[in-house]
Every structure is written in C-alpha cells, then in structure tokens.
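Q: Encoded as structure tokens, here's the structure I'll be asking about.
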C-alpha cells in the first residue's frame, strides 16, 4: 500500500499526514477508508469544476508548494503533536500558495484562546477558564470559584482528546499532581463538565461559505465522555434545527476573515441552550459521505479561493504570528 507520490502536478493539494497518505485502505481499516471516501467525493466534485487535485502529506520534504494554485487542510491530524514543526511549515507555505482556510484563520484557530474572542463578539460559548503556563493555578480553587463540581481539562493546542481529563473537585489535587509537567509546559483550558454530552451527545454542524450544509451527532461510548471515534464514540445523522443553524452561522460570522469551510461543535448547557464547545477551522472532519451535496459546495468554495486574484496580495501584506 504505497503512499501518494510527492511530485504531482495538480491545481489543488489536499493536505493530510503520513499516516493517511495512501491511495488504498486495508479491508479492516475503516478509519482510513472513511478518510479516503470523503476525499474521493471532494476530488470528484473538484474535477467536475475543472480542478485537478492530489492528496499530500503536509510534512513531506520534497514538495514544491508553489506549484499548486491552492492547498486545502483536510486530515492534518498530527499538527498539535508537532506544533513547532507545523508552525514553521505554515509560515513558509503561506507565502508560496493560497491556503484554504486563510492563514489568518488557521493561526487564530490553532489555539483555544480564540474562545475568548468568540465570547467577546457575543457568541454563546461553553464557560471556560484559561490556565497559563506562567501563572500556575490550583484546579480545585478554580472549580470552587467557578462553582463547578466537575470539569474537563484539555490543552489549548490540541485535538483528538489529547491530554483531555475529566476532573471532580474531590480529585482535583491528585489530577493536578499527575499533569503538573503538562501545566508548566503549555496553556490549558478548563470547562464545566456538560452532562448532556453523556445523555445526548455533541452536535456538530458543518458550514461552507457561511451556509449550513448538514450536521451529525457524536455520542460517546458507555462509560466515557469523549465523543471521538478514536475513543469508541459513534456518529449519527442529525437534522439541524433552526437553533443549530443560527448558532453555527453566528459563530462563523464572528471569524475574521470568514472561513471558507468549517465545523461548529455545540452542546446544550444546564439551561438547555446550545453553546459552542469548539470551532474546527483547521482540519475538520466533515462527514461528506453522510451528505453528498456538501462535497459539491465544498469544491465550489475551494474554486472561489483558487480564482480570487486578491488573495496573493492580501497574504503577502500580512505577517504571521509566532507560535
């Protein structure tokens, strides 16, 4: 099962990582099969618009990124484990080709501090406390001050439930000792534990060019709170309600610049109101296979980025932040 060659000629590069840079999946590899199915749908939709595409490992050392008209983040699901390398790569590549989503969006969404921006812009978000590495704080005291019996602790730069812990006031001191080296090294996010995630699940709404295309509900396996399929979670069809649509569009409209595509993960708070848990704008799983027309809308959004003559000027006029 050889990886995709690194010397392609195509209009669009679909960015993945080395674990998934294959053309075929083994019969028992349902995970890679789902990835390839979604990318196949997108590639077919791009071809219908006259755009060729190829899947590439973002970290491949022998790729001339300037040969592409656009690079689209798809399954770069190791970036948070290689954040220094990824940041250096991103600073370089954003000067060589168009990126979808825009570099400014990627940099902003890399770190969960963006939740403070959403909150300041009037978007309902799950309450949070930030634990900065240069300001050690007591987990137990934070829970007491916030009035939370239970919470979820996770890094500000993370994905796939990396270093994600459920913490109760009674065991907060023990967990703090367990993760002390992590807390010193990087910023963390503390959010109240949302019990509806266990009872109902987490709702995920896909948005392309500001329009909701479809939605799914992610449900954790029995006895767990993590909804990712890596941890046994399951995905179910969800018909988005007006409330889902309005919150998703409101969250996307609060981003600067507006994303071409993304995902809004939301849950119901203790009052039964939907609130944004996270905004996925870097490499969101989009479940195109669950709603085939979404692949066509996604392809059209990419085509607009490819055709925009102003992007190169805007890109060169802005500096990337240091991460």
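The values are calculated or read from the model by the stated rules, or taken from the named source; none is laboratory data. These numbers were taken from a predicted model, which means no experiment stands behind them. Counting neighbours? That spans all protein chains shown, and the Cβs are built from the backbone with ideal geometry, glycine included.
Q: Among 166, 162, which is more than 22 Å from residue 284 (Cα to Cα) and either modelled with pLDDT of 90 or more or not in a helix (DSSP H, G or I) (or both)?
A: 166
Q: Got a sec? Which of 247, 292, 310 is assigned by TED's automatic domain parsing to the domain that holds residue 94 and either over 25 Å from residue 192 (Cα atoms) or modelled with pLDDT of 95 or more (or both)?
A: Result: 310 is the single residue among 247, 292, 310 that is assigned by TED's automatic domain parsing to the domain that holds residue 94 and either over 25 Å from residue 192 (Cα atoms) or modelled with pLDDT of 95 or more (or both).
Q: Out of (1) touching a residue at least 24 places away in the same chain (Cβ under 8 Å); (2) within 16 Å of the chain's Cα centre (by Cα), what's the single condition that is false for residue 70?
A: Evaluating residue 70 over (1) touching a residue at least 24 places away in the same chain (Cβ under 8 Å); (2) within 16 Å of the chain's Cα centre (by Cα) leaves (2) as the failure.
Q: Residues to consider are 90, 56; find the one that is in the same structural domain as residue 36 (by TED's automatic domain parsing), touching a residue at least 40 places away in the same chain (Cβ under 8 Å) and in a strand (DSSP E or B).
A: 56 is the lone residue from the list that is in the same structural domain as residue 36 (by TED's automatic domain parsing), touching a residue at least 40 places away in the same chain (Cβ under 8 Å) and in a strand (DSSP E or B).
Q: Of 114, 22, 79, which residue is in contact with a helix residue (DSSP H, G or I) (Cβ under 7 Å, 6 or more places away or on another chain), without any contact (Cβ under 8 Å) to a residue 24 or more places away in the chain and buried (at least 18 other Cβ atoms within 10 Å of the Cβ)?
A: 22
Q: Another question, then. Would you check if residue 137 is farther than 24 Å from residue 35 by Cα, assigned to a helix (DSSP H, G or I), touching a strand residue (DSSP E or B) at 6+ places or on another chain (Cβ under 7 Å) and free of Cβ contacts under 8 Å to residues at least 40 places away in the same chain?
A: No.
Q: Right, next: Do you know which residues across the range 21-35 are in contact with a strand residue (DSSP E or B) (Cβ under 8 Å, 6 or more places away or on another chain) and either part of a helix (DSSP H, G or I) or not assigned by TED's automatic domain parsing to the domain that holds residue 76 (or both)?
A: 32, 35
Q: Can residue 87 be described as over 27 Å from residue 256 (Cβ atoms) and modelled with pLDDT of 95 or more?
A: no
Q: Another question, then. Scan the range 1-17 for residues that are at pLDDT below 95 and not in a loop (DSSP other than H, G, I, E, B) and report the count.
A: Residues that pass the stated criteria total 1.
Q: Can you tell me which condition residue 153 does not meet? The list is (1) assigned to a loop (DSSP other than H, G, I, E, B); (2) crowded, with 19+ Cβ neighbours inside 10 Å; (3) in contact with a helix residue (DSSP H, G or I) (Cβ under 9 Å, 6 or more places away or on another chain), and all the others hold.
A: Unmet for residue 153, out of (1) assigned to a loop (DSSP other than H, G, I, E, B); (2) crowded, with 19+ Cβ neighbours inside 10 Å; (3) in contact with a helix residue (DSSP H, G or I) (Cβ under 9 Å, 6 or more places away or on another chain): (1).
Q: Can I ask one more? Could you tell me whether any residue of the range 59-68 is within 30 Å of residue 189 (Cβ to Cβ) and not in a loop (DSSP other than H, G, I, E, B)?
A: Checked against the condition, which is being within 30 Å of residue 189 (Cβ to Cβ) and not in a loop (DSSP other than H, G, I, E, B), the range 59-68 yields no hits at all.
Q: Restricting attention to the range 241-297, which residues are more than 19 Å from the chain's Cα centre (by Cα), over 19 Å from residue 45 (Cα atoms) and part of a loop (DSSP other than H, G, I, E, B)?
A: Selection gives 241, 269, 270, 271, 272, 273.
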